[in-house]
Amino acid sequence: MRKYFFWFSVAVIAMVAYFYGAKAGRSRYREIRASIDAVWNDPKVKKARKKALKRADEAARSAMKQAKKLGR
């Protein structure tokens, strides 16, 4: 999991650096933004986001139950 987080972080940093350092201007930014929006709104990605949120909620509930069980 750390490996994926590391590469995701590298990609985000690279994108931010490109946005601030690009000389292509606003049109290139719009192209990149459109491609990001296309990926973000893809049905498979939406499904994965919902699944991840559901699992995170379940994990939070489980952690709360364990904390209550330990008396904290």
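The values are calculated or read from the model by the stated rules, or taken from the named source; none is laboratory data. Computed from a prediction, not measured in an experiment: that's the story for all the values here. Glycine also receives a Cβ, built like all others from the backbone with ideal geometry; neighbour counts cover every protein chain displayed.
Quick notes on this one:
- Residue match in the stretch 49-71 (condition: surrounded by 10 or more Cβ atoms within 10 Å (Cβ to Cβ) and in contact with a Phe, Trp or Tyr (Cβ under 8 Å, 6 or more places away or on another chain)): no
- Looking at Met15, Met64, just one residue is modelled with pLDDT under 95 and over 15 Å from the mean Cα position of the chain (by Cα), and that residue is Met64.
- The residue of the stretch 21-46 that is surrounded by the fewest Cβ atoms within 10 Å (Cβ to Cβ), among those that are assigned to a loop (DSSP other than H, G, I, E, B) and at pLDDT below 80, is Lys23.
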